[in-house]
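This report refers to the structure that appears directly beneath it.
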Amino acid sequence: DQQVKQNSPSLSVQEGRISILNCDYTNSMFDYFLWYKKYPAEGPTFLISISSIKDKNEDGRFTVFLNKSAKHLSLHIVPSQPGDSAVYFCAASATGGADGLTFGKGTHLIIQP
Amino acid sequence: DTAVSQTPKYLVTQMGNDKSIKCEQNLGHDTMYWYKQDSKKFLKIMFSYNNKELIINETVPNRFSPKSPDKAHLNLHINSLELGDSAVYFCASSPRAPHSYGYTFGSGTRLTVV
């Protein structure tokens, strides 16, 4: 029972273009959403988050959009850089995060020169 | 200075053995977690400890037991290892809820049971 879904296992984007990673969720109790980036042989690192009371959060090249009615969020990276090549995990939490995070399966982003 | 460190990084062991994975955080966080990333790449929470108290325990086999000697450490003990236990195990920590969104992960321990 996947409560957080990332339906694209991989995504290839040209350097300098926009990368859009998508995430869907099913649990309406989720009130906080996060994106993590993971390089091989390393742990996930926090990238950006958004509360359910907002529909957009921006941090430099990274913007997360939340559509609560559609239970959908997306991560935009612009412009994409070679160092952005990694696996991106969408995660969600409820009840203030005390129950931990529920992760999606991840999307492998490949930035091509 | 590594914020969340776990050892060993790699662990190869035979079925039936008992093993431990250690985790330490120097961030002063109140809550520590163990996550498992299986062969399908899902990251799933196993345990969390808040001030030395177990606050959640997902449906994991009782062969797995977390041990927290103090707030900065959460070790994972696994008894009678099985082939299906092969996975990457990640330790993480966060400030106390409701500010628990700043999860910091360790680099993972790849466990291979043969």
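Here is how the numbers come out for the structure above:
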item	result
Yes/no for B:Asn57 being open to solvent by 40 Å² or more (accessible area, probe 1.4 Å) and away from chain A (no Cβ under 11 Å)	no
Some residue of the stretch A:30-39 being open to solvent by 20 Å² or more (accessible area, probe 1.4 Å), away from chain B (no Cβ under 13 Å) and modelled with pLDDT of 95 or more	no
Test result for A:Arg17, among the basic types (Lys, Arg), more than 18 Å from B:Leu43 (Cβ to Cβ) and open to solvent by 70 Å² or more (accessible area, probe 1.4 Å)	yes
Residues within the stretch A:46-84 that are surrounded by 14 or more Cβ atoms within 10 Å (Cβ to Cβ), of a type outside the set (A, V, I, L, M) and within 11 Å of chain B (Cβ to nearest Cβ), tallied	2
Scope the stretch B:1-39; condition open to solvent by 90 Å² or more (accessible area, probe 1.4 Å), among the polar types (S, T, N, Q) and within 16 Å of B:Ile78 (Cβ to Cβ); matching residues	B:Gln14
Selection count, the stretch B:8-47, where residues are more than 13 Å from every other protein chain (Cβ to nearest Cβ) and either in a strand (DSSP E or B) or at positive phi (or both)	10
Residue within the stretch B:10-22 that is of a type in the set (S, T, N, Q) and over 16 Å from B:Leu81 (Cβ atoms) present	no
Complete set of residues in the stretch B:86-104 that are under 12 Å from the mean Cα position of the chain (by Cα), modelled with pLDDT under 95 and hydrophobic (A, V, I, L, M, F, W, C)	B:Ala92
Scan of the stretch A:77-111 for residues that are part of a strand (DSSP E or B), of a type in the set (Ser, Thr, Tyr) and modelled with pLDDT of 95 or more, ordered by number	A:Tyr88, A:Thr107
Number of the condition not met by B:Lys71 [criteria: (1) closer than 15 Å to B:Ser93 by Cα; (2) within 13 Å of the chain's Cα centre (by Cα); (3) among the basic types (Lys, Arg)]	(2)
Residue list for the stretch B:48-85, filter: among the hydrophobic types (A, V, I, L, M, F, W, C), farther than 17 Å from B:Phe105 by Cβ, part of a strand (DSSP E or B) and modelled with pLDDT of 85 or more	B:Phe64, B:Ile78
Search result, residues across the stretch A:31-76 that are among the small types (Gly, Ala, Ser) and not in a strand (DSSP E or B)	A:Ala41, A:Gly43, A:Ser52, A:Gly60, A:Ser69, A:Ala70
Some residue of the stretch A:85-102 being open to solvent by 30 Å² or more (accessible area, probe 1.4 Å) and more than 14 Å from every other protein chain (Cβ to nearest Cβ)	yes
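The values are calculated or read from the model by the stated rules, or taken from the named source; none is laboratory data. Note that the structure is a prediction, hence the values are computed from the model and not measured. Reconstructed Cβ throughout: ideal geometry from the backbone, glycine too, with neighbour counts over all protein chains shown. Keep in mind that these areas ignore ligands, DNA and RNA; they rest on the heavy atoms of the full protein, side chains included. Shrake-Rupley method; radii C 1.70, N 1.55, O 1.52, S 1.80 Å.
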